[in-house]
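Report on the following structure.
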Amino acid sequence: MSEVIIIGLDIAKHVFHVHGADERGRAMFSKRISRGKLLDFFATQPSCTVALEACGGAHHWARQLSQLGHQVRLIPPAYVKPFVKRQKNDAIDAEAICEAAQRPSMRFVAVKSEQQQAAGLVFRTRDLLVRQRTQLINAIRGHLTEYGWIAPKGPSHVARLADLIEEEEMVSSLPEAAHAMFRLMVDLLAGLNGRIADLDKEIARRAREDEVSRRLMTIPGVGPISATAIGALAPPAETFAKGRDFAAWLGLTPLQRSTGGKQKLGATSKMGERTLRRLLIIGSSAVVQQASKRGAPKGSWLEQMLTRKPRMLVTVALANKMARIVWALLLKQENYRAPVAARASAQRT
């Protein structure tokens, strides 16, 4: 009899669905399983390939199933969708996952360890607190406008906001209830600033202790936050065949609408890891800003780009270039060497 060699698993919070297929792709079973019985079911199955979508909880189940001796494959949900046959339910999704995993050209997501997910949680938490801080600053500024007070923009003026609310002229012009609410928001803002500062110190400590992060920080525009985020959120460099593939994974390459042998490139795809893409663009914008003020190295790629391209375009192009450099350093385990310095060193030798 044929044996099940691959199982498609559609996961959810409480109800799961499994679809088993043999080596010829024929369906062997399709059944609904509750959360509490899932591991018991797979414990009775011979070692095989288990495929599931890379969504919430997928890495946890991948680790659990790997401990039972199964080979686990995580597939991006966008790559499963073309295999869904009409309508949508758990059974159809599990079948589509099973079929997608059997394609020889399918791309898979590396399973993350608990430590990697914990390191990534540091950045997710910091992003959440920064968004909340921005909301509070905008709320304070917006409500002050209702009383005729125009507060300065940006988090750099947070201390000025606190002083402004406590000024005697403002206290006398605001209703008592409004002043109490402004004071409450300022206190919340101070608490968020303290927590963000603590997270920044924790990230800087991790960057100093990690060899890969120290290597990445030799790249202009890559600081402790970007370096440790790459180590925590990016898959192994060996996953990508070349630097352009890593840049495409980050969403820093142009969209392609080519046809008939004619190449048509569109805007930046933005299809990838949003956190890393944003950090690289922030770092590249800082490099471009300094180059615009103080001048880029003579004859460098950055100088040539700034003379003939818009500044924002140069920023995104530099982020793309930084992504390729990051991939090269991770793969070769070397420090960054500036092109001009490398050329001068070659001439001396």
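The values are calculated or read from the model by the stated rules, or taken from the named source; none is laboratory data. Computed from a predicted structure; not experimentally measured. Every residue, glycine as well, gets a Cβ built from its backbone with ideal geometry; the counts of neighbours run over all protein chains shown. Heads up: the accessible areas ignore ligands, DNA and RNA and are worked out on the full protein's heavy atoms, side chains in. Shrake-Rupley method; radii C 1.70, N 1.55, O 1.52, S 1.80 Å.
Would it be correct to say that VAL18 is within 27 Å of MET271 (Cα to Cα), of a type outside the set (Gly, Ala, Ser) and in a strand (DSSP E or B)? Against the criterion (within 27 Å of MET271 (Cα to Cα), of a type outside the set (Gly, Ala, Ser) and in a strand (DSSP E or B)), VAL18 does not qualify.
Here's the yes/no breakdown for (1) at pLDDT below 90; (2) at positive phi; (3) β-branched (Val, Ile, Thr):
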site: LYS262; (1), (2), (3): yes, no, no
site: ALA267; (1), (2), (3): yes, no, no
site: ARG278; (1), (2), (3): no, no, no
site: GLY295; (1), (2), (3): yes, yes, no
site: PRO310; (1), (2), (3): no, no, no
site: LEU313; (1), (2), (3): no, no, no
site: ALA323; (1), (2), (3): no, no, no
site: ARG337; (1), (2), (3): yes, no, no
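Scanning the stretch 35-46 for residues that are out of contact with any strand residue (DSSP E or B) (no Cβ under 6 Å at 6 or more places or on another chain), free of Cβ contacts under 8 Å to residues at least 40 places away in the same chain and either surrounded by 11 or more Cβ atoms within 10 Å (Cβ to Cβ) or part of a helix (DSSP H, G or I) (or both) returns ARG35, GLY36, LYS37, LEU39, ASP40, PHE42, ALA43. Residues of the stretch 273-301 that are crowded, with 20+ Cβ neighbours inside 10 Å and hydrophobic (A, V, I, L, M, F, W, C): LEU276, LEU279, LEU280, ILE281, VAL287, VAL288, ALA291. Of everything listed in (1) in contact (Cβ under 8 Å) with a residue 60 or more places away in the chain; (2) within 23 Å of VAL130 (Cα to Cα); (3) not in a helix (DSSP H, G or I), the single unmet condition for LEU252 is (2).
Run down GLU3, GLU53 and say which single residue is modelled with pLDDT of 95 or more and of a type in the set (Asp, Glu). I'd like the intermediate steps shown before the answer.
Working: GLU3 fails: modelled with pLDDT of 95 or more.
From the options GLU3, GLU53, the qualifying one is GLU53.
Tell me the residue from ALA96, ALA78 that is at pLDDT 90 or above, within 27 Å of PHE42 (Cβ to Cβ), touching a helix residue (DSSP H, G or I) at 6+ places or on another chain (Cβ under 6 Å) and in a helix (DSSP H, G or I), please. Working first, answer last.
Numbers: ALA78 fails: touching a helix residue (DSSP H, G or I) at 6+ places or on another chain (Cβ under 6 Å).
Just a single option satisfies the conditions, and that option is ALA96.
Which of the residues that make up the stretch 165-198 are in contact (Cβ under 8 Å) with a residue 60 or more places away in the chain and either out of contact with any Leu (no Cβ under 6 Å at 6 or more places or on another chain) or open to solvent by 90 Å² or more (accessible area, probe 1.4 Å) (or both)?
Narrowing the stretch 165-198 to residues in contact (Cβ under 8 Å) with a residue 60 or more places away in the chain: 192-193, 195-196.
ASN193, ARG195 - these are the residues of the stretch 165-198 that are in contact (Cβ under 8 Å) with a residue 60 or more places away in the chain and either out of contact with any Leu (no Cβ under 6 Å at 6 or more places or on another chain) or open to solvent by 90 Å² or more (accessible area, probe 1.4 Å) (or both).
From ARG214, ARG160, which residue is under 20 Å from THR275 (Cα atoms), basic (Lys, Arg) and in a helix (DSSP H, G or I)? Please lay out each step first, then the result.
Values: ARG160 fails: under 20 Å from THR275 (Cα atoms).
Result of the check over ARG214, ARG160: ARG214.
Looking at the stretch 125-147, which of the residues that are free of Cβ contacts under 8 Å to residues at least 24 places away in the same chain and open to solvent by 50 Å² or more (accessible area, probe 1.4 Å) is nearest to LEU199 (Cα to Cα)?
Quick first cut of the stretch 125-147, residues free of Cβ contacts under 8 Å to residues at least 24 places away in the same chain only: 128, 131, 134-135, 138, 141-142, 145-146.
Now narrow it down to the ones that are open to solvent by 50 Å² or more (accessible area, probe 1.4 Å): 128, 131, 134-135, 138, 141, 145-146.
Working: LEU128: 12, ARG131: 14, THR134: 17, GLN135: 19, ASN138: 22, ARG141: 26, THR145: 32, GLU146: 34 Å.
Restricting to residues being free of Cβ contacts under 8 Å to residues at least 24 places away in the same chain and open to solvent by 50 Å² or more (accessible area, probe 1.4 Å), the top hit is LEU128.
Please verify whether SER269 is in contact with a Pro (Cβ under 8 Å, 6 or more places away or on another chain), closer than 18 Å to ARG324 by Cβ, of a type in the set (Ser, Thr, Tyr) and open to solvent by less than 30 Å² (accessible area, probe 1.4 Å), treating the condition exactly as stated. Yes; evaluated as a whole, the condition is true for this residue. Entry remark, the stretch 47-81: residues being open to solvent by 60 Å² or more (accessible area, probe 1.4 Å) and touching a residue at least 40 places away in the same chain (Cβ under 8 Å) number 0 in total. Quick one: would you say GLY25 is buried (at least 18 other Cβ atoms within 10 Å of the Cβ), small (Gly, Ala, Ser) and in contact (Cβ under 8 Å) with a residue 60 or more places away in the chain? In short, no.
The rows are residues; the columns are (1) touching a residue at least 60 places away in the same chain (Cβ under 8 Å); (2) not in a helix (DSSP H, G or I).
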| position | (1), (2) |
| --- | --- |
| ALA267 | no, yes |
| ILE281 | no, no |
| ILE325 | yes, no |
| LEU331 | yes, no |
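Within the stretch 242-252, is there a residue that is open to solvent by 50 Å² or more (accessible area, probe 1.4 Å) and in contact with an Asp or Glu (Cβ under 8 Å, 6 or more places away or on another chain)? Yes, there is a match, as at least one residue in the stretch 242-252 is open to solvent by 50 Å² or more (accessible area, probe 1.4 Å) and in contact with an Asp or Glu (Cβ under 8 Å, 6 or more places away or on another chain). For the stretch 208-241, a residue qualifies if it is open to solvent by less than 50 Å² (accessible area, probe 1.4 Å) and farther than 16 Å from GLN115 by Cβ, and the qualifying residues are ARG215, LEU216, ILE219, GLY221, VAL222, GLY223, ILE225, SER226, ALA227, ALA237, PHE240.
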